[in-house]
């Protein structure tokens, strides 16, 4: 299949998963995000978790496809207040309107909010990565085994 067609199909599918009033472009499954990152040079993975999560839980490793993850905290600990430098940090790392930004948090709570905020600031191609980095709790109340980036077997490293 032509890669350009595959990429457009992935974006279309992501868009179809959200309501028209969602406030962002669409929802991606982790495998779809990985395909887009491999095929679309304008797509960028934005990890919006906290510095502590990057350090202790791990981070996506895009080295195998010659890419780098963008790191910009959406919320700051300990108060979990919005990062006033979020947009400046994105800009400094090359995330500009027009690029497809795939937003990743730990489970799914922060990414939709950040995607809406980015869309409102003029970033029309913001996508929410369903299941996040660690995904939902399994039957033993552990993350990283049922769904999400880690459970899908996508590359990551300990921070």
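None of the figures in this text is laboratory data; all of them are computed from the coordinates on show. Nothing here was measured: the structure is a model prediction, and the numbers come from that model. In this analysis, Cβ positions are derived from the backbone assuming ideal geometry, glycine residues included, and neighbour counts consider all displayed protein chains.
Below, the figures for the structure above:
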item: FRET efficiency for residue 52 and residue 96, using Cβ-Cβ distance with R0 set to 41 Å, rounded to 0.05; result: 0.90
item: Rel. contact order, % - alpha carbon contacts under 8 angstrom, at least six apart, the chain; result: 26
item: Nitroxide proxy distance, nm - points 7 Å out along Cα→Cβ at residue 42 and residue 85; result: 3.0
item: Expected 222 nm ellipticity per residue - DSSP helices of 4 or more, -39500 (n - 2.57), all of the chain, to 500; result: -8500 deg cm²/dmol
item: D_trans [Stokes-Einstein, Kirkwood Rh over alpha-carbon pairs] for the range 26-104, 37 °C, 0.692 mPa s, µm² s⁻¹; result: 247
item: Among 52, 14, 25, residue whose mean-square fluctuation peaks in a GNM of the chain (springs only between Cα atoms under 10 Å); result: 52
item: FRET E, pair residue 67, residue 116, Förster distance 25 Å, beta-carbon r, rounded to 0.05; result: 0.50
item: The chain: antiparallel DSSP beta bridges as a percent of all, rounded to 5; result: 25
